[in-house]
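Coordinate-derived values only; no laboratory data. Keep in mind that what you see is a predicted model, and the values were worked out from it rather than measured. Cβ placement follows ideal geometry from the backbone for every residue including glycine, while neighbour counts extend to all protein chains displayed.
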Amino acid sequence: MKLGIMVNEGPYTHQASDSAYHFTKAALAKGHEIYRVFFYHDGVQNGTDFTTPPQDDRNVVKRWSELAGEHGLDLVLCVAAAQRRGLVDEDEQKRHGKTGHNVAPGFRISGLGQLIEAGIQADRLVVFGD
Amino acid sequence: MSEAGATKKFLYINRKAPYGTIYAWESLEVVLIGAAFEQDVSLLFMDDGVYQLVKEMQTKGIGMKNFTATYAALGDYEVNKIYIDKDALTERGLTLDDLQHLVWEDENEDWAEKDSIHLVGRDEIADLLDEQDVIFNF
């Protein structure tokens, strides 16, 4: 089955990203295709490379990056949600004159059309978050 | 399991008050962008989400942009199936008169103005959910 994944909550405060990660990993292990993972609302915080959790805890961001590297996942951060919440890639850094950029490997910033497209193209869109 | 290019039924469920959290506003942003994809779109307002459509809201006191006037433009985006949980309205002491009057123009009937809002019971909501391909819950 072709699946779209939507993550609506940030890491650590809420389990949504953990659940989405485990679901995605399990779906891939079962041979399903992940069309795209779309991060919205505070979910965009799952894509900041500046995340530095304690060493004895899971690294939610790095875990997504590694899964993307292994399986060629398309991890998309909503641009409007990202701009509100301080997620900046190199292009956005230049455009807005920011002091740095923080989009983690494997993630990219794009528009909400990518979410709608996932809803259209995937057999199921699975949403994580309240 | 639709073929490429086929139309899907999209339902946006709005369950939270318009301010206090960003969900109502960011839901509307998805609806507006999604309208360009020409899918079969419905909106459902339930729980505290019914407050999103209350008319004549004033947000100056909380220092936030009043985005709720944008709902009136939904008809122009061909988003004209707006369902409201009538029990959720009643439970909050609201009636249809407290809400914005949302309309759309039917090009098949000489642009006749029609109501977009439909009050529905909870049994009808179950049927509405059942017939969707994609559900967003905000």
Q) Cα centroids of segment B:1-73 and segment A:12-48: how far apart, whole angstrom? A) 24 Å
(Q) Among B:96, B:43, B:11, which one shows the highest mean-square fluctuation when chain B is modelled as a Gaussian network with alpha-carbon springs under 10 Å? (A) B:96
(Q) Using a 10 Å cut-off around each Cβ of peptide B:24-34, what is the average number of partner chain Cβ atoms that fall inside? (A) 4
Q: Grab the Cα-Cα distance for residue B:57 and residue B:77, subtract it from 0.36 nm times how many residues apart they are, and report the gain in nm with one decimal.
A: 5.0 nm
Q. Top mean-square fluctuation among A:97, A:119, A:111, Gaussian network model of chain A, C-alpha springs under 10 Å?
A. A:97
(Q) Quick check: convex hull of the Cα atoms in segment B:11-110, volume per residue, rounded to a whole Å³? (A) 109 Å³
Q) Using a cut-off of 27 Å between alpha-carbon atoms, which lysines can reach residue A:94, once sequence neighbours fewer than 8 places away in the same chain are excluded? A) A:62
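What is the antiparallel percent of DSSP beta bridges lying wholly in segment B:9-137, to the nearest 5?
Here the antiparallel bridges make up roughly 25 percent for segment B:9-137.
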**Q.** Cβ charges +1 (Lys, Arg) and -1 (Asp, Glu), total dipole of the protein assembly as shown, debye
**A.** 1280 debye
(Q) As a test of understanding, state the convex hull volume per residue of the protein assembly as shown from its alpha carbons, in Å³. (A) 164 Å³
Q | Nearest-0.05 FRET efficiency for residue B:132 and residue A:50, computed from C-beta distance (R0 41 Å) | A | 0.60
Q: Assuming R0 = 25 Å, can you tell me the calculated FRET efficiency for the pair residue B:96 and residue B:65, based on Cβ-Cβ distance, to the nearest 0.05?
A: 0.45
Q: Would you list, by chain and number, the lysines whose Cα falls below 24 Å from the Cα of residue B:8, excluding same-chain residues fewer than 8 positions away?
A: A:2, B:81, B:114
Q | Listed residues A:97, A:6, B:82: farthest to the positive end of the dipole of the protein assembly as shown (Cβ charges) | A | A:97
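Rank these for me by crowding, A:98, A:62, B:60, going from fewest to most other beta carbons within 10 Å.
With the sparsest Cβ surroundings first, the list reads B:60, A:98, A:62.
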Q) Mind listing the Cα extents of segment A:39-130 along all three principal axes, in Å, largest one first? A) 40, 36, 27
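Please figure out what share of the DSSP beta bridges in the protein assembly as shown is antiparallel and state it in percent, rounded to the nearest 5.
Of those bridges, close to 15 percent are antiparallel.
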Q) Which value in nm describes the separation of the simple spin-label points at residue A:90 and residue B:114, placed 7 Å from the Cα toward the beta carbon? A) 5.2 nm
